[in-house]
Every structure is written in C-alpha cells, then in structure tokens.
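Below is one structure, written out as structure tokens; the observations come after it.
The values are calculated or read from the model by the stated rules, or taken from the named source; none is laboratory data. Note that the coordinates shown come from a computational prediction; the quantities given were computed from them, not determined experimentally. With ideal geometry, Cβ positions are generated from the backbone for all residues, glycine too; neighbour counts draw on all protein chains shown.
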Amino acid sequence: MDVLDGISSGFLIALTLKNVLYCFMGALIGTLIGVLPGIGPLATIAMLMPFTYHVDPVSSMIMLAGIFYGAQYGGSTTSILLNLPGEASSVITCLDGHQLAKKGKAGVALSIAAVGSLVAGTIGTLTIVLLAPVLVNFAEKFGPAEYCGLMTLGLVVAVVLANGSILKAIAMVFLGVLFGLAGTDSATNAPRYTFGIFEMSDGIDFVPIAMGLFGIAEIISNLEQRTHAHGVTPISSLWPSREEIRRSIGPVLRGTAIGSFLGVLPGGGPTLAAFSSYAIEKRISKWPEQFGKGAIEGVAGPESANNAAAQTAFVPMLALGIPSNAIMALMIGAMMLQGIQPGPDVMAKRPDLFWGIIASMWVGNLMLVVINLPLVGLWVKLLSVPYRFLFPAILAFCCIGAFSLQSSTFHLLMLAGFGFLGYVFIKLGCEPAPFLLGLVLGPQLEEYFRRAMHISRGDPAVFVDRPISLALFTLTAVLLIFAALPSIARARNETFQEAA
Amino acid sequence: MSKAVLTSKDFWSGLLFMGMGAAALVFGSDLRVGTAARMGPGFVPHAIGWILIVLGAAIAVKGFARDAEQVVRLHLRPVSLIVLSVVAFALLLQPAGLVPAMVAMIAISAAAAGPVRARETVGIAVFLIVLCVLIFKVMLEMSFPVIAGVW
Amino acid sequence: MRWRQADLNRRQAIGLIAAAAVAWPVRAHAADQWPARTVRLVVPALGSPTDVHGRIFAEMLGERLGQRVLVDNKPGAAGNLGMQAAVVAPADGYTFVFAIASYITTNPFMYKKLLYDTERDFVPVSLLSKAGFTFVVREGLGIKTLADLTAYIKANPTKLSVANIQPGSLVHLAFESYLRTFGGSVELIPYKTSAQVLQDLWGGLVDLYPGPIGSTRQFEGNGKARAIAVTTIERHPSLPEVPTMAEQGMPAFDFYGWYGIFASRKTPPAIVERMNQEANAVVASKEYREKMIGLGAIPVEPMSPHDFKKLYLDEMAQLGPLIKSMNLVIE
C-alpha cells in the first residue's frame with residue numbers, strides 16, 4: 001500500500017468520533033498517571049487490558065498508545081514543578097525544568113515542554129510514515145556490540161552533562177552502575193548485593209531511587225533553607241518570551257532528530273535520547289554555564305527528544321512484532337487477544353491497525369497540548385501554595401506512589417534511604433543525574449558486553465568489525481577527547497601561568 | 001593541614017566513594033570474577049569497587065586544596081525528621097492502615113518545617129487523608145488498609 | 001449428683017448433634033454465600049504474559065461469580081513474593097493465587113530457600129491452561145526439521161548459538177532434555193527478554209530460540225526464521241504446520257508450562273470446591289479457550305483439584321532429577 005494512501009486512510013480512521021474519544025481518554029488517563037508520582041503507565045495499561053477485549057482492536061490500541069505517551073507529558077509536569085521524575089527519561093527535565101520553576105518560570109518550562117513535544121510528535125509521525133523501512137533496517141542492524149557502543153556513549157554523555165566537577169560526575173556514574181548491579185545476575189542467576197533479602201532479588205526499582213534522590217532530598221533541602229517554609233515563589237512569567245521561543249527552536253529540532261533514531265532501538269529509547277539531547281545542547285550552547293540553573297534549552301531539547309522517542313518506539317512493535325519495552329509487550333498481548341499476530345505482515349494484513357495507530361499518535365499529541373496548556377495556569381497556581389502545605393502533599397504522594405508499585409513496604413524503606421542519600425549528595429555537591437544514568441545504563445552495558453563476547457566466542461574484534469559498533473565507539477572516544485580538552489587546556493594554561 | 005579539609009565537600013565525597021567501593025569489594029567477595037572475555041558475575045562489581053576507591057582517593061585529595069568548597073549548612077532536624085516520617089509511614093501502612101500512617105508522617109514532617117502550628121497541621125492532615133483515600137483507595141483500588149481491620 | 005455414664009454419653013451425643021445441626025447450615029451457608037464480596041487474585045507478575053493470563057482469567061471469573069475479582073500484582077523473586085503474600089493472607093476463601101508451573105514444579109529444586117512450601121502452605125484449586133514451546137531456527141543454516149537440527153549439532157559441537165532466557169526454566173529443561181537424547185552440545189547464550197532474542201534472531205546473531213509459542217509466532221511466512229518443532233504432544237492450533245517433537249522421532253516428549261489457581265491450605269474445603277467448579281466453568285468456556293489459543297497457550301480439560309495435584313507431582317518427579325543433574329541450584 002502506498003505510503004500516502006496509508007497515512008490518509010490512517011487519518012480517516014483516527015478521526016472518527018469513536019477513535020477520537022478513545023484517544024482522548026487514553027491521553028487524559030496517561031497524563032493523570034504521569035502526574036501521580038510512582039504509578040506508571042505499565043500498571044495502568046495492565047489494569048485496562050481486560051477492558052480492551054470488549055472494544056475493537058484499533059480503538060483499544062489507540063487508547064493504550066495514548067496512555068503511554070500521555071504519561072510522558074504528565075511526567076514532565078511533575079518533573080518541572082516538583083523535581084519528581086516519574087521515569088528515567090524525565091530525570092533530565094528535572095535538572096533545568098525545576099530550576100526554572102524555582103525562578104518563577106514554571107509556566108515557561110511547562111509550555112515549552114508541551115509545544116516542543118508536539119513538534120517532536122508531528123515530525124516523529126512524519127518520520128515513521130516516510131522512513132519506517134529505514135528505521136526498521138537500522139534497528140535490525142543493532143546487535144549486542146552496537147548496544148555496547150551506544151551504552152558506552154551514553155555513559156560518557158552522562159559525564160559531559162554534569163554541571164559540576166567532572167571527577168565527581170565520573171565517580172557518580174560508577175556509583176550508579178554499582179547500585180544498578182544489585183539483584184540477580186540474569187546470565188548466571190547468581191545473587192549480587194541482595195543481602196539475602198528476597199525483595200532485592202530483582203534489583204532496586206528505579207522509582208523509589210529517583211523519587212528519593214530528587215523528590216525527598218529536595219524537600220529536605222528546601223526545609224533546611226527555611227526560605228520556603230514561609231515564602232511563596234513569585235511567578236515572574238507564565239508564558240515564554242519571544243527570546244525563549246527563539247532559543248528553543250534549535251534544541252527542539254535537534255532533540256526530535258536524536259529521539260526519532262534512538263527511540264527505534266528496543267531497550268534504548270527515551271532515556272538515552274533525553275540525556276543525549278541535553279548533553280548536545282549544553283555542548284553547543286553559547287551559555288553553557290546556564291545549564292543546571294534554568295536554561296530553557298535544557299528543557300526544550302530533552303522533552304522533544306523523549307517524545308520523539310516515544311513515538312518511534314512503536315515502530316519495532318508495529319513493523320516487526322518486537323516490543324521496545326514492557327509496555328509495548330503488553331500491547332502486543334492485547335493485540336494477540338484480539339486475534340492479531342504482531343509481526344512483519346501486520347502492515348500488509350491489517351493496514352487499518354498500522355496506519356490508524358500512527359495517525360492517532362499525532363492526534364493524541366495535539367490533544368495532549370490542548371489538555372496540558374490550559375492546565376499550566378492551574379499547576380503554577382498550585383506552586384504558589386505555601387510550602388508548608390505543599391510538601392506534606394508531595395511526601396504523601398511519593399510515599400503512596402512508591403508503595404503502589406508492588407504493594408511493598410520494602411520500596412517505602414528504599415524511598416526513605418535514598419531520600420537520605422540524596423540529601424547527602426546535595427550536601428557534598430555530587431550530582432544525582434549521572435548516578436541515575438549509570439544506574440540505568442551500567443547493567444545494560446554489562447549485559448550486552450557479555451552477550452557480544454559470548455556470541456563471538458570471546459573475540460573482541462566484534463566491536464570493531466561491525467561498522468555501526470565501530471562508529472559508536474569512535475564517537476565515544478571523540479566525545480571523551482572533546483570533553484577532556486578544555487580541562488587539559490585549562491591545566492596547561494595554569495601551569496604556564498604559574499611558570500611565567 | 002588546615003581544619004577546612006574536614007569540612008570540604010571533596011574530602012567527604014571522596015571518602016563516600018572510597019567507602020562504597022570498599023563495600024562493593026567486601027560484599028561481592030564471593031562472586032566469581034572470570035576473565036574479561038568470559039565475565040563472571042563478579043567481574044564488573046570488583047572492577048567498579050576498585051575504580052571507586054581510586055577515584056574516591058583522588059577526589060578526597062582535592063579536598064586538601066586551599067580553595068576547596070566547603071560543606072554548607074548541615075542541619076540535623078529536617079533530614080532526620082523527614083526520613084523518619086517516611087519510615088514511620090512505611091512501617092505503619094500495612095499493619096495499621098493509611099490513616100495512622102499518614103497521621104504519623106504528617107505530624108513528624110511538620111516538626112521538620114519549624115515551629116509546629118497544631119491547627120494547621122491537623123487541617124493539612126485531614127485534607128490530605130481524605131484526598132488520598134479518594135484517589136488511591138476509592139478510584140484506584142490499591143491494596144492497603146485505610147484503617148486496619150475496618151476498611 | 002452422679003450422672004450415669006450412659007446418660008452422659010447420650011447427652012454428649014445429643015449436644016453434638018444439636019451443635020452440628022446449628023453449625024452445619026452456617027458452614028454451608030458460608031459456602032453458599034461465597035463470594036459475598038470482592039475476591040483477591042494475587043498475580044506474582046506485572047506486565048508479563050503471566051499478568052495478561054491472570055487478568056483474563058480474573059475478568060471472566062468475575063463475570064461468573066458476580067463479584068469483582070481484583071488482581072493484586074506482586075511481582076518479584078521468581079514468584080516468591082506473590083506466593084508468600086497468598087500464604088500470609090487470611091484463609092477465608094477470598095484470596096487466591098495465580099501460579100505458573102515453575103513456582104510449583106521447579107522452584108523447589110532450583111532454590112535452596114523459598115518463602116513458601118507448596119505442600120505445607122497451599123492446596124491446588126484448578127488447572128487453567130498449558131503453554132507449550134517451539135524451537136525457532138534462523139534461516140541460513142539449512143535447518144528445516146528436527147532431524148536437520150540434530151544432524152547439525154552433531155556435526156558442529158558447540159557451534160550453534162542457542163538463546164536462553166531463564167536458566168532452569170521449563171523451556172531450558174525441554175531443550176536440555178532434547179540434547180541429552182544424543183549427547184549434543186551447544187553454546188547457550190543468556191538473554192534477558194524475548195524482544196532481545198528476536199532482534200538478534202532477525203539480525204542473524206543467534207541461531208536458535210527455544211521459546212514460548214506466544215513469543216515466537218512473528219516469523220510465520222517471513223523467511224527470516226522458522227519454527228521446526230513444538231514441545232507438546234499435540235500440534236498447536238495456531239501453528240498447524242509445525243510438527244511436534246513426538247512426530248519427529250521423540251515419542252513421549254511433552255514439555256509445557258501451565259497456569260493454575262491455588263489457595264491457602266487453611267481455606268475452607270467447601271469454598272475450594274466451589275472455586276474449582278467456577279474456575280472449571282471458565283476453563284471449559286469457548287471464549288476462554290479461544291483466548292488461550294490466541295495467546296499461544298493450550299486449552300485444557302477441566303480437572304479436579306486431586307487430579308491437578310497428581311499432574312504436578314508427576315512433573316516434579318520427572319523434573320527434579322533433571323535439574324539436579326544440570327547443576328543449576330542457586331541460593
């Protein structure tokens with residue numbers, strides 16, 4: 001079926017009243033879920049699965065998809081307002097987004113995030129439509145060696161994006177990797193750092209760590225400063241200025257490009273895209289010192305990147321039947337229940353499903369902006385509530401959210417522990433973002449490295465023999481050199497100055 | 001050696017990293033290491049342990065520099081009370097229910113925010129408890145008791 | 001006043017009968033009234049195929065019972081956390097657990113320490129469905145049948161890269177069983193998710209994927225890989241052209257996982273009986289059977305709890321020695 005035919009029929013399907021309604025429901029539920037810290041789209045979609053049997057496959061998939069990317073939007077809201085990342089990909093938004101909120105510019109951050117995501121969604125949909133075969137080809141070429149290259153690149157990115165001491169950032173990355181290793185080694189079933197506790201055998205869940213290091217630690221730190229105990233953050237501007245919009249255009253476009261490609265890779269996705277976008281924007285910005293203090297580029301780029309990635313994450317599932325993440329796997333289950341076997345022939349056998357979902361993603365993005373932009377005023381008002389009323393609410397939502405994952409008291413205790421650790425990090429000037437990236441990427445890097453070596457039967461040449469892998473490792477090396485250059489140059493200058 | 005070392009951020013961060021690295025080695029001592037080509041479960045943990053010790057030492061040494069950044073404003077009250085409030089919530093939620101857990105959490109955390117205004121705190125508690133019960137118990141049907149034995 | 005012995009016995013007897021007469025309707029009443037409120041089904045998984053199966057069953061059971069069957073996800077630790085939650089819950093007939101075969105038949109041999117003991121803590125209620133596996137081979141190796149595979153492995157020891165997701169899983173045991181019939185050796189590559197395996201299978205990096213039928217049907221008619229055998233005694237309705245192991249020279253080869261319901265041992269037997277009847281009604285229903293096939297599972301004939309227990313005890317007798325001989329026991 002011709003691509004243009006496909007997408008136009010897709011829009012016809014997506015724009016029927018019934019599907020618009022399902023799309024809206026999904027987007028709304030997703031936003032609410034994303035805003036509530038801890039409860040994620042996975043549990044929500046699982047809960048709604050039975051509901052989908054009674055609905056035709058196209059409509060139910062449209063709704064489930066809406067929940068997925070709706071949660072991304074909602075997650076940005078809590079990241080910016082409360083420094084609470086719901087998922088790994090929202091962590092980056094916290095960095096500058098929350099700083100903007102602290103300066104009274106929450107509205108600016110929220111609206112740029114929403115519009116940037118819409119642009120990313122639009123371009124992302126176009127990318128899928130025009131480039132789906134290219135993207136699929138790209139995904140197929142990625143084996144363990146390439147993933148290794150990507151993860152290594154990601155870890156170097158984590159260091160580059162640090163706003164403080166490079167040495168400490170590197171140490172934080174490694175510390176994050178260490179924490180990520182806790183659990184059962186998937187290759188040998190050997191328990192690592194589980195201390196005999198059964199709840200540890202699947203590792204420490206991301207949500208209590210992120211909520212503790214960011215949310216709880218932030219509360220402690222704010223209370224310490226006492227300014228928030230009585231004062232109210234004055235709102236300086238609700239909507240972005242022309243200058244801020246202008247500064248955001250480049251990051252949005254670049255972020256979309258990064259996200260579109262990284263999102264296609266199963267297991268890669270929004271997190272890596274968001275972090276990479278941030279690092280790139282920081283590198284090429286004329287005012288890098290603003291990053292970490294409220295640079296609008298640090299919100300525009302990553303938000304677009306993670307939304308673009310969320311769109312293209314559907315490509316492997318729709319085109320190959322390979323789920324990019326656990327949520328896609330659930331959606332595949334939902335499709336199977338409706339009698340549709342996901343796989344390469346879905347595009348040919350059920351073009352209505354394929355194109356209908358893709359078209360509805362754009363519709364959903366539009367709806368999300370329509371839902372979220374008017375809410376900006378409401379959210380900002382919420383922030384102006386005196387802190388002594390606000391922080392117990394944040395605490396309560398964090399606690400219940402952390403518990404809700406697995407109905408687990410253990411997770412709550414983890415939340416407390418990481419809250420304490422996060423406070424220690426703040427005091428010692430150690431940044432949590434590199435830690436989190438290490439936590440997420442490190443274990444994956446180990447897994448892919450071992451697998452690559454196993455498949456090649458111990459031959460390390462596999463990393464340079466395969467072209468994409470070679471390219472990624474070279475890029476990593478280049479990035480490392482570029483990152484180190486300024487420090488080397490500075491050290492050289494200092495030695496010269498002292499010698500003079 | 002100036003006394004400022006003992007309050008420099010780098011010194012203590014360095015110690016933190018070294019401590020974590022050492023813990024990694026100690027608690028991972030029974031893991032098989034293997035080779036780089038055939039990594040066992042212990043290869044990466046051991047490697048990271050050593051890396052953290054080395055990096056930690058380097059960072060700690062930087063803390064001896066004259067212009068090392070100092071740790072600022074360490075107040076014990078907010079951190080201990082907030083952490084305690086979360087722990088109290090954790091320990092009370094399943095045995096006693098949401099209401100006692102939230103009461104404890106709000107009461108303890110209120111003390112962390114400065115002088116406690118009793119009426120305000122009670123008001124916040126009531127509002128939040130009702131809100132949370134509505135959202136999490138009624139709408140989302142989570143599996144914790146609101147008050148143990150009653151609901 | 002001294003009671004005569006006979007009078008005493010008669011009084012005791014009358015007292016007992018009277019008590020029973022009062023209590024019996026109450027007990028039966030309890031079973032009749034069941035379920036009087038929401039029933040909780042603990043599912044030791046979240047977002048995985050097990051979760052999907054559990055939710056489907058919960059939905060359909062709820063329709064039959066006229067009461068909500070609420071799924072309580074408790075993932076983690078290979079089912080330990082979920083099973084334990086079902087043990088500590090009050091045994092009033094309102095908590096059941098959705099178990100997969102490995103929790104019951106292989107966990108006891110794989111782990112030195114478990115948070116539950118099936119014999120001590122649970123009674124079986126109903127078998128819900130079975131789930132078989134296929135061997136999927138990538139194209140380019142010239143392997144089209146099981147005989148081809150066996151020949152290839154014999155001619156190229158340790159050359160074949162075989163993806164394995166969970167050491168000690170039933171599919172791992174199935175494959176190992178197959179290898180032992182001719183002493184074959186392959187290189188077992190660990191993977192974490194089936195999505196990763198599929199990606200590497202497409203990319204030609206891994207050669208063979210023994211996996212659940214539901215995760216391996218993407219290849220039908222695509223030329224990148226093919227399923228050469230199913231591990232159950234009968235072909236699967238959704239893969240009619242894939243022969244069984246039995247048809248290809250391994251009679252009595254029958255490996256599969258299953259899904260079932262268990263209840264705490266202290267649950268009143270009358271309620272266990274009721275639950276068995278209701279669950280079996282779901283199992284026999286056309287809708288449920290169609291859904292099972294759709295997901296790659298195998299519908300089963302309804303069974304009594306007694307027969308269900310015999311089923312898994314027999315499986316344990318077979319699998320236990322196999323696991324021990326594979327040196328897989330972990331802490």
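A few comments on the model shown:
- Flag for residue A:435 being more than 9 Å from every other protein chain (Cβ to nearest Cβ), among the aromatic types (Phe, Trp, Tyr) and either touching a residue at least 60 places away in the same chain (Cβ under 8 Å) or in a helix (DSSP H, G or I) (or both): yes
- Just one residue in the set C:211, C:168 is crowded, with 19+ Cβ neighbours inside 10 Å, at positive phi and touching a residue at least 24 places away in the same chain (Cβ under 8 Å); that residue is C:168.
- If you filter the stretch A:103-157 down to residues that are of a type in the set (Ser, Thr, Tyr) and farther than 30 Å from residue A:172 by Cα, you find that the one that is surrounded by the fewest Cβ atoms within 10 Å (Cβ to Cβ) is A:122.
- Scanning the stretch C:193-218 for residues that are at the interface with chain A (Cβ under 8 Å from one of its Cβ atoms) and closer than 14 Å to residue C:231 by Cβ turns up just one, C:214.
- One residue from B:59, B:53 being modelled with pLDDT under 95, assigned to a helix (DSSP H, G or I) and not hydroxyl-bearing (Ser, Thr, Tyr): B:59
- A single entry from A:68, A:11 fulfils the requirement of being among the aromatic types (Phe, Trp, Tyr) and within 19 Å of the chain's Cα centre (by Cα): A:68.
- Count of the stretch A:448-468 residues, restricted to those that are charged (D, E, K, R) and at the interface with chain B (Cβ under 10 Å from one of its Cβ atoms), is 3.
- Test: residue in the stretch A:198-208 that is modelled with pLDDT of 85 or more, closer than 29 Å to residue C:167 by Cβ and among the polar types (S, T, N, Q): yes
- Residues that are without any contact (Cβ under 8 Å) to a residue 40 or more places away in the chain, in contact with a helix residue (DSSP H, G or I) (Cβ under 7 Å, 6 or more places away or on another chain) and not small (Gly, Ala, Ser), drawn from the stretch A:330-346: A:332, A:336, A:341, A:342, A:344, A:346
- Pick from the stretch C:171-195, criterion closer than 20 Å to residue A:452 by Cα and in contact with a strand residue (DSSP E or B) (Cβ under 8 Å, 6 or more places away or on another chain), ranking: surrounded by the fewest Cβ atoms within 10 Å (Cβ to Cβ): C:187
- Residue in the stretch B:68-82 that is more than 7 Å from chain A (Cβ to nearest Cβ), in contact (Cβ under 8 Å) with a residue 12 or more places away in the chain and touching a strand residue (DSSP E or B) at 6+ places or on another chain (Cβ under 7 Å) present: yes
- Residue within the stretch C:260-281 that is under 22 Å from residue C:173 (Cβ atoms) and touching a residue at least 12 places away in the same chain (Cβ under 8 Å) present: yes
- Only one of the numbered conditions (1) in a loop (DSSP other than H, G, I, E, B); (2) without any contact (Cβ under 8 Å) to a residue 24 or more places away in the chain is not met by residue C:195, and that is (1).
- With respect to being under 26 Å from the mean Cα position of the chain (by Cα) and either among the β-branched types (Val, Ile, Thr) or within 14 Å of another protein chain (Cβ to nearest Cβ) (or both), residue A:340 falls outside the description.
- Of all the listed residues (A:65, A:46), the sole one being buried (at least 23 other Cβ atoms within 10 Å of the Cβ) and away from chain C (no Cβ under 14 Å) is A:65.
- Matching option when the condition is modelled with pLDDT under 90 and in a helix (DSSP H, G or I), among C:214, C:204, C:221: C:214
- Scan of the stretch A:451-476 for residues that are crowded, with 19+ Cβ neighbours inside 10 Å, of a type in the set (Ser, Thr, Tyr) and over 17 Å from residue B:36 (Cα atoms), ordered by number: A:469, A:476
- Scanning the stretch B:109-138 for residues that are of a type in the set (A, V, I, L, M), at the interface with another protein chain (Cβ under 10 Å from one of its Cβ atoms) and part of a helix (DSSP H, G or I) turns up B:110, B:112, B:124, B:125, B:128, B:129, B:131, B:135.
- Only one of the listed residues (B:34, B:40, B:28) is touching a Gly at 6+ places or on another chain (Cβ under 6 Å) and either buried (at least 20 other Cβ atoms within 10 Å of the Cβ) or at pLDDT 95 or above (or both). That residue is B:28.
- Selection within the stretch A:399-410 - facing chain B (nearest Cβ under 8 Å) and part of a helix (DSSP H, G or I): A:399, A:400, A:403, A:404, A:409
- The stretch C:111-128, subset surrounded by 21 or more Cβ atoms within 10 Å (Cβ to Cβ) and of a type in the set (A, V, I, L, M, F, W, C), residue farthest from residue C:262 (Cα to Cα): C:128
- Restricted to the stretch A:211-220, and to residues there that are more than 8 Å from chain B (Cβ to nearest Cβ) and out of contact with any Ser or Thr (no Cβ under 9 Å at 6 or more places or on another chain), the residue that is surrounded by the most Cβ atoms within 10 Å (Cβ to Cβ) is A:211.
- Entry remark, the stretch A:80-97: residues being within 15 Å of residue A:218 (Cα to Cα) and surrounded by fewer than 24 Cβ atoms within 10 Å (Cβ to Cβ) number 1 in total.
- Only listed residue being among the aliphatic types (A, V, I, L, M), at the interface with chain A (Cβ under 7 Å from one of its Cβ atoms), under 30 Å from residue A:188 (Cα atoms) and surrounded by 14 or more Cβ atoms within 10 Å (Cβ to Cβ), chosen from B:93, B:52: B:52
- Residues considered: C:86, C:131, C:77. Of these, the only one that is crowded, with 22+ Cβ neighbours inside 10 Å, in contact (Cβ under 8 Å) with a residue 24 or more places away in the chain, farther than 25 Å from residue A:44 by Cβ and within 14 Å of another protein chain (Cβ to nearest Cβ) is C:131.
- With respect to being small (Gly, Ala, Ser) and within 14 Å of chain C (Cβ to nearest Cβ), residue A:187 fits the description.
- Scanning the stretch C:48-65 for residues that are of a type in the set (Asp, Glu) and surrounded by fewer than 23 Cβ atoms within 10 Å (Cβ to Cβ), we see that the one that is farthest from residue A:330 (Cα to Cα) is C:63.
- Of the helices (runs of 4 or more DSSP H) entirely within the stretch A:162-232, those holding at least 2 residues that are among the aliphatic types (A, V, I, L, M) and more than 29 Å from residue B:78 (Cα to Cα) occupy A:166-181.
- Residue match in the stretch C:59-67 (condition: modelled with pLDDT of 85 or more, closer than 30 Å to residue C:195 by Cα and in a helix (DSSP H, G or I)): yes
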